[in-house]
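The values are calculated or read from the model by the stated rules, or taken from the named source; none is laboratory data. Note that this is a predicted model, so its numbers are computed, not measured. Cβ placement follows ideal geometry from the backbone for every residue including glycine, while neighbour counts extend to all protein chains displayed.
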Amino acid sequence: MLAQQEGVSRTTVRRWRARFLVKRCAGLHDRPRSGRAPVITPPTRTLVVALACELPAERNVPLSRSSLSELSVEVANRLGADDVALSRSSVWRMLINDALRPRRYQYWIFPRDPHFLEKAGPVLDLYACTSQGRPLWADEYIISADEKTSIQVRRRTQPTVRPGPHQTMRVEHEYERGGVVQYLAACRAS
């Protein structure tokens, strides 16, 4: 009954009992296993977990480059020549064992403006191709420079929250504009 609850087969329990009867407690120790010895050292594992729990901005890496491949490259750069370089799948296995998912994040927002719906209405009307209650003409079009999010100079209003076991990194959705770079880029593109 205990073997079934713990997920151990009856055959394994019978083998343990037989070894215990012959060698007593010494028979319960793990036997030497065949195959290659582990090559990833505990300090390497610690480095992988430590880097995975850091915010990308602390490592001067943009959020878009926060991936397993980038993490394995950074670990290789920090390791000495004596250590074994880690593959992307090795890094993934180490993080899965610790329930860490640094490449995943979710946006969150604190709504602060009580007049948000009134201000958002005209913008939503433009997306629906209407302006001030009338439909746009066929020769009218909208240039939305604000949608060039990769070019914007922006500052998050709240700090990013680190990832943890079974918890994704949380990136504040709301930001403050920090310049007019997006408008210059829109004018060049059109």
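Tabulated results
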item	result
Region 44-53, residues that are at pLDDT below 85 and surrounded by fewer than 16 Cβ atoms within 10 Å (Cβ to Cβ)	none
For Tyr107: the one exception among (1) within 30 Å of Leu55 (Cβ to Cβ); (2) modelled with pLDDT under 75; (3) part of a loop (DSSP other than H, G, I, E, B)	(3)
Selected residue [outside any helix (DSSP H, G or I), in contact with a Ser or Thr (Cβ under 8 Å, 6 or more places away or on another chain), modelled with pLDDT under 75 and not aromatic (Phe, Trp, Tyr)] from Ile151, Ile143	Ile143
Filter result for Arg88 (charged (D, E, K, R), more than 20 Å from the chain's Cα centre (by Cα) and at pLDDT 70 or above)	no
Residues that are surrounded by 17 or more Cβ atoms within 10 Å (Cβ to Cβ), in contact (Cβ under 8 Å) with a residue 24 or more places away in the chain and either more than 17 Å from Val171 (Cβ to Cβ) or not polar (S, T, N, Q) (or both), drawn from region 55-76	Leu55, Leu68, Leu71, Val75
Count - residues of region 5-26 that are at negative phi and either within 40 Å of the chain's Cα centre (by Cα) or at pLDDT below 80 (or both)	5
